[in-house]
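> Got a structure here, written out as C-alpha cells. Questions coming.
Please treat every number below as a calculation from the coordinates, not as lab data. What you see is a predicted model, and the numbers here were worked out from it, not measured in a lab. Glycine also receives a Cβ, built like all others from the backbone with ideal geometry; neighbour counts cover every protein chain displayed.
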Amino acid sequence: MIKRFSLKKISKYTVLLLVVFLFYLFPTREDYVISKEVNANVKASLHDVFLLDKNNYISKTTIEVSSLNNDKLIDELIEIMILDGKYQDKIPNGFKPVLPVDTKLLDKQIDNNNIVLNFNKELLDTKIDMEEKIIEALIYTMTSIEGIDTVTIKIDGNVLTKLPKSGKLIDKQLNRNYGINKKYDIKTIKNVSKVTIYYISKTNNDNIYYVPVTKYINNNDDKIKIIIDELTSKISYETNLMSYLNYNTKLLDYSFNDDEIDLNFNEFLFDNEQNKKVLEEVIYSISYSVEDTYNVSKINFYVNNKEIK
C-alpha cells in the first residue's frame, strides 16, 4: 500500500517536472509571436503639420505619424517641426520645418482644451521675420489635435507674452484667431474684417496643398460672404495662390443649425453641369476657410436648394 502510494506520488512529480521543463523550453517562441502580433496592430495615421513652403508661406501638409495618444503625438509633431530633427525623412519635398535647429520641448501640460508648451530659449533664436511664422505654425499644428483649442507658449518656464525681436505683444492663450500668413488690404481703420482663406498651391511635381491666408480688409459683409467673394475673385494678389471656385459662383443663402452650416449656391458650384460634380479642391477650400471662421463641426453643400452629397 505504501509502495503503491509512493509510486503514485513519484509519478505525479515526474509529470509536473515534465510540464515545467516544457514551459521553459518554449517561452522565447511564444513571446516572439505575441510581440509580433502587437506590433502588427500599431498602424501609422496621417496628421496635419504646418510647415514652410517654397514661397515662404506656412502651409498645411499631411504627414504620417505613428503616435496613438496625444501625449506622444505632441512630441512627434514638435520633432517634425524642428530643422534637421530626427523625422526629416517625413518632410514632403518643397517644404521645411520652421523651428530652429536647437529647439527643445522641455515639458508640456494639457489643461482642459489648452496645451502649455515649455521650450528652451532657442525656440525664438531666429530672424525677425520668422518669429510670427513660428508662433503661427505652432498654433495651427497643435490646434489640429482633437480636443486642443488654445496654446500657451513658455520659454524656460516663463509664459511668452512678447516676441523678443519685433516686440509684438501676444496673448497668454493663443488660438487660430491669431491669424496666419497675414495680409493687410485696408485703407481705413473702420469696417475692418479679418477672415482666413485657404488657397491652393502646387509643389514642383504638381501635388496640391493648401495655404491659409488671414486677410484684413475693409468689408462689413458677413464673413461667409467675404470668404466666397475672395475665392471667386478673378484676380489673386499672389500668382502662386489659386482658387478653383468658378468666378460665376454665387452664395444664394446660408443658415446655421446647431453646430452645422448649410451653404446654398447657384449651379456654377459644379465643375461640370452634366455630371453634377463639385471639385474636391473647391469643397476643401471652402470647408477649411469656414471651419477657421465659425465654430461648426459640419458643412452641408446645396445647389439651388438640393443637397450635394
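> Between the range 161-189 and the range 236-293, what is the C-alpha centre distance in whole Å?
Distance between centres, Cα-based: 28 Å.
> Extension gain ASP75-ILE189, at 0.36 nm per residue separation less the Cα-Cα distance, in nm?
So the chain would gain 36.9 nm between ASP75 and ILE189.
> Cβ under 14 Å from LEU252's Cβ, LEU252 left aside: what net charge do those residues give with Lys, Arg +1 and Asp, Glu -1?
Here the charged neighbours net out to -3.
> Would you mind ranking LEU251, LEU138 by Cβ crowding within 10 Å, fewest neighbours first?
LEU251, LEU138
> Using the Kirkwood radius over Cα pairs, work out the Stokes-Einstein diffusion coefficient for the range 183-307 at 37 °C and 0.692 mPa s, in µm²/s as a whole number.
216 µm²/s
> Among residues other than ILE135 whose Cβ falls under 11 Å from its Cβ, what is the net charge (Lys/Arg +1, Asp/Glu -1)?
Taking every Cβ under 11 Å from that of ILE135, the sum is -2.
> Quick one: net charge around ASP222, please, counting Lys, Arg +1 and Asp, Glu -1 for every other residue with C-beta under 12 Å from its C-beta.
Charge balance near ASP222 sits at -1.
> Can you work out the base-10 log of I(q)/I(0) for the range 135-254 at q = 0.21, 0.22 1/Å, using the Debye formula on its C-alpha atoms alone?
-1.28, -1.32
> Restricting attention to the alpha-carbon atoms of the range 45-178, what are Rg (one decimal) and Dmax (integer), both in Å?
For the range 45-178, the Cα radius of gyration and maximum Cα-Cα distance read 13.6, 39 Å.
> Order of TYR302, TYR57 from fewest to most other C-beta atoms within 10 Å?
TYR302, TYR57
> Could you list LYS306, LYS183 so that the one with the fewest beta carbons within 10 Å of its beta carbon is first and the one with the most is last?
Placing the least packed residue first, the sequence is LYS306, LYS183.
> Could you list, in their original order, any pairs among LYS60/LYS306; LYS86/LYS298; LYS183/LYS276; LYS183/LYS223; LYS104/LYS127; LYS183/LYS306 whose Cα atoms are separated by more than 28 Å?
As for pairs spanning more than 28 Å Cα to Cα, those are LYS60/LYS306; LYS86/LYS298; LYS183/LYS276; LYS183/LYS306.
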